[in-house]
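The structure under discussion appears below in the form of structure tokens.
The values are calculated or read from the model by the stated rules, or taken from the named source; none is laboratory data. All values derive from a computational prediction rather than experimental measurement. Cβ atoms come from the backbone with ideal geometry, glycine included; neighbour counts cover every protein chain shown. Note: accessible area is taken over every heavy atom of the protein model, side chains too, but ligands, DNA and RNA are not part of it. Shrake-Rupley method; radii C 1.70, N 1.55, O 1.52, S 1.80 Å.
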Amino acid sequence: MGMSFEKREITTCSSKFVFVLALMAVLGLSRGGSANAGNRVRIQGSTTVNPVVVDAVEVLKASRGLDFSTDTLGGSSGGINAVAQGLVEIGMASREISERDLRKHPDVDFRVTPIAIDAVALVVSAPVWDGGVHALTRDQIRAIFEGKITNWNEVGGADLSIFVYDKEPGRGTREVFEKFAYGSDEPPIPDFAHYAQVGGNEETRSKVQDHDSAISQLSFAWTEGTDKIHALGIRLESGEIVRPDRKAILSNQYPIVRRLNLITDGPPCTNCSVLIDFMKSSEGQDIVKKHGYLPLDSADDGS
Amino acid sequence: MTVPDPLRRETPLYGPFGLFHDPGWGTISFTQFGSIVAASLALGSFVSLIGFLTYLSWPALTQKGVTLITTGVWYYPREKFGALAMIYGTITSASVALILAAPVGILSAIWIAEYAPRWSRLPLKGAVEFLAGVPSIVFGLMGVITLRPVMQEFSGGGDSLMTAALLLAIMILPTLTTLVEDSLQAVPGDLRTQARALGLSREEAIRKVILPGARRGIVAATLLALTRAFGETIAVYLVVGRADNRLPESLLNLQPLIESGQTLTSKLGGSEVPMAYGDPLHMGALASLGLILIVITVFTTFLGQMMMGSPEKGS
């Protein structure tokens, strides 16, 4: 009796096994083939650029039936790397292509299209602002982000210990900030108490809001419409204080201005061009304005 | 001397490595074939995981070598890849979590197994097991909403290794409780009766008979909880602060506990992986973090096996 059970021999089960293998192979092949079905344009990168692109993509999906996917893995550097590796068609970056990017991807033909103007603001929690800190010099900013100044009363504020939310290395905002703070010098590697790292703009804004004595770097457009955080002015060497407002950004008086870019490897694909052209059109620039960034043509007026 | 198992040993072995028991008819049963395939799938995926991680890590292992684990500065723009601060973060947060969770878990397991009225056992176990099954992101969110503000009183930003440890303690507690309870239940009921018959009080029976009898299970449960704490990613990511390069001046200095830190998992779960595309050294350094995590976990399990000793001891 046991015998008859045992005797359902290997042929049956091996044929089943072969069938399962064949099924897996077929599924695997069809999946591989449809990894990027149709003409979907994949977009990845900066959390600063993302909201603008997401809105534009919605418009193009509705009006022209085009297919896009967007995500913000790894911020600007993630987007630039993904384009360079051919993982996506368009990268979003809140900074320019750097020397390091070129060294890392020598064979990639980066094409950069600016779609908006933005600035990096230094934002503080409301109690810091209320305590009297409204502007800092470049030296003070460096010292704070290096953990050398640890209390707001050292820069004319209330007696509150400073907590630094530093953008992760590789974030577009962080690299633009480093260029301002250190020029071509290498910034020191952060290592001190009372600092934590933050990623995207949402996280940065909400963590500074929740805190009572924090400072961080944040996209200018994200500082508006809330009174729980305040964007500091920067005291120039002449003693003049420049606040990050539209006028100062457009005239380049504010020292940490940047362009928001779409990046492709070589000439953009057909549907990529549709998106890029749309971003530069007046309709696209209206989306830019809606999100608090400055449109491209205003830069021409200003300079 | 072990007595040979007649059901297994009587049949001759054949095939590569003697993998197959010949049932005598020159064929293999479906169950036997299926189980061998399944077992080799499990083993194969483990081996290929290690192989793949090693392959990915190779550029970092060869270029950075031992400095990967002996230095504590991680700053990829300048190709500094020292994982020591993250190893410290992982081990500290998980150990503190275990120190907090183990007494509570073991005591509550004792209560459920030995003291709780019969009718309440099932609902209690059910509740604990339900908690053990709650996805970690839910704990993470609760941590952000409830723990961070409390911890802000003690540490700068509320995000700290201690916050992560508290959250991990809450997360591993149900697993720990239910597994310890299982092993207490597995101690034969006769022993309880006999212990009481010999005049031991309930208290003494638990301490002298039941706990020693369940020792293996308790140690296993504790280690399982510890490895879960080592591997937990998203909840830790949300509350640990992700501050690189934080190492204490001495091992006894507990100050970094209440400051932001970084663990192996919070680094791997963060945004650096997409930043490393196309950079074999950077990707290799990140992959080696995965290897380090596996080594820590395997080492812990091994240590536990040693500590458990032989099962017969204590009888």
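Side notes on the structure shown:
- Whichever residue in segment A:211-229 is closer than 30 Å to residue B:249 by Cα and more than 18 Å from the chain's Cα centre (by Cα) and, among such residues, is farthest from the other protein chains (Cβ to nearest Cβ): A:215
- Those residues of segment B:173-222 which are among the aliphatic types (A, V, I, L, M), open to solvent by 40 Å² or more (accessible area, probe 1.4 Å) and under 17 Å from residue B:111 (Cα atoms), in sequence order: B:173, B:179, B:186, B:211
- Residue check, residue B:161 more than 14 Å from chain A (Cβ to nearest Cβ) and modelled with pLDDT of 90 or more: no
- Whichever residue in segment A:173-210 is more than 12 Å from chain B (Cβ to nearest Cβ) and of a type in the set (Gly, Ala, Ser) and, among such residues, is farthest from residue A:101 (Cα to Cα): A:181
- Condition met for residue B:289 (part of a helix (DSSP H, G or I), out of contact with any His (no Cβ under 7 Å at 6 or more places or on another chain) and not β-branched (Val, Ile, Thr)): yes
- Considering segment A:57-75, and only residues there that are assigned to a helix (DSSP H, G or I) and either more than 11 Å from every other protein chain (Cβ to nearest Cβ) or modelled with pLDDT of 95 or more (or both), the residue that is most open to solvent (accessible area, probe 1.4 Å) turns out to be A:64.
- Residue check, residue B:60 surrounded by 11 or more Cβ atoms within 10 Å (Cβ to Cβ) and either in a helix (DSSP H, G or I) or at pLDDT below 95 (or both): yes
- From B:66, B:73, residue being touching an Asp or Glu at 6+ places or on another chain (Cβ under 8 Å), under 16 Å from residue B:289 (Cα atoms) and open to solvent by 30 Å² or more (accessible area, probe 1.4 Å): B:73
- Filter result for residue A:217 (buried (at least 24 other Cβ atoms within 10 Å of the Cβ) and more than 16 Å from residue A:72 (Cβ to Cβ)): yes
- Condition met for residue A:258 (buried (at least 22 other Cβ atoms within 10 Å of the Cβ) and more than 14 Å from chain B (Cβ to nearest Cβ)): yes
- Qualifying residue in segment B:133-141 (condition: touching a residue at least 60 places away in the same chain (Cβ under 8 Å), surrounded by fewer than 21 Cβ atoms within 10 Å (Cβ to Cβ) and closer than 28 Å to residue B:251 by Cβ): no
- Tally, over segment B:255-278, of residues that are outside any helix (DSSP H, G or I), touching a residue at least 40 places away in the same chain (Cβ under 8 Å) and at the interface with chain A (Cβ under 10 Å from one of its Cβ atoms): 5
- Candidate set: segment B:222-254, residues that are assigned to a helix (DSSP H, G or I) and polar (S, T, N, Q); chosen: the one farthest from the other protein chains (Cβ to nearest Cβ): B:222
- Odd one out for residue B:100, checked against (1) among the aliphatic types (A, V, I, L, M); (2) at pLDDT 95 or above; (3) over 22 Å from residue B:256 (Cα atoms); (4) open to solvent by 40 Å² or more (accessible area, probe 1.4 Å): (3)
- Among the strands (runs of 3 or more DSSP E) confined to segment A:104-172, the ones with at least 1 residues that are away from every other protein chain (no Cβ under 14 Å) and under 16 Å from residue A:231 (Cα atoms) are located at A:110-125, A:135-137.
- In segment A:100-129, the residues that are of a type in the set (S, T, N, Q) form Cβ pairs under 6 Å with partners that are part of a strand (DSSP E or B), at six or more places apart or across chains, as follows: A:113/A:262; A:125/A:214.
- In segment A:85-115, the qualifying residues are those that are surrounded by fewer than 22 Cβ atoms within 10 Å (Cβ to Cβ) and of a type in the set (A, V, I, L, M, F, W, C), and the one that is nearest to residue B:283 (Cα to Cα) is A:87.
- Within segment B:36-79, the set of residues being within 14 Å of another protein chain (Cβ to nearest Cβ), under 29 Å from residue B:168 (Cα atoms) and free of Cβ contacts under 8 Å to residues at least 60 places away in the same chain comprises just one member, B:71.
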